[in-house]
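The values are calculated or read from the model by the stated rules, or taken from the named source; none is laboratory data. These numbers were taken from a predicted model, which means no experiment stands behind them. When the accessible area is computed, the model is the full protein with side chains, heavy atoms only, and any ligands, DNA or RNA have been set aside. Shrake-Rupley method; radii C 1.70, N 1.55, O 1.52, S 1.80 Å.
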Amino acid sequence: MNTYLGTINRNLYRIVKFINESKLINNDLKKEYRGILRAQLSSYELMMLFYNVSYSEKGKKCKEQLTKCNFFDNHLLTNKFIWNDDCEVLELIE
């Protein structure tokens, strides 16, 4: 299971980083591409990504990329958070 989650996280990080740092596309198109990527993820996969970037040392670089672009953009089910203060953590990312 850990190998599967690691693969997903690394792929998402690489795709978001590519979109964010691309000099070939404008900001409106970058936002559109990130939206298409986000649409591929279930609510639970988004939650898993949130927890990875919020509480894992391995998620730090991905958190930097997601913070640049407001990736979660009200798409997380905050009523499913594990800890009560996760809404505050989410505000730091967005």
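Some observations on this one:
- For region 1-63, with all protein chains in place and a probe radius of 1.4 Å, 55% of the accessible heavy-atom surface sits on carbon or sulfur.
- Given their separation in residues at 0.36 nm each and the Cα-Cα distance between them, residue 54 and residue 8 gain 15.0 nm when the chain is fully extended.
- Extension reserve of the residue 46-residue 69 stretch, reckoned as 0.36 nm per residue once the Cα distance is removed: 6.8 nm
- The alpha carbon centroids of region 49-74 and region 17-47 are separated by 13 Å.
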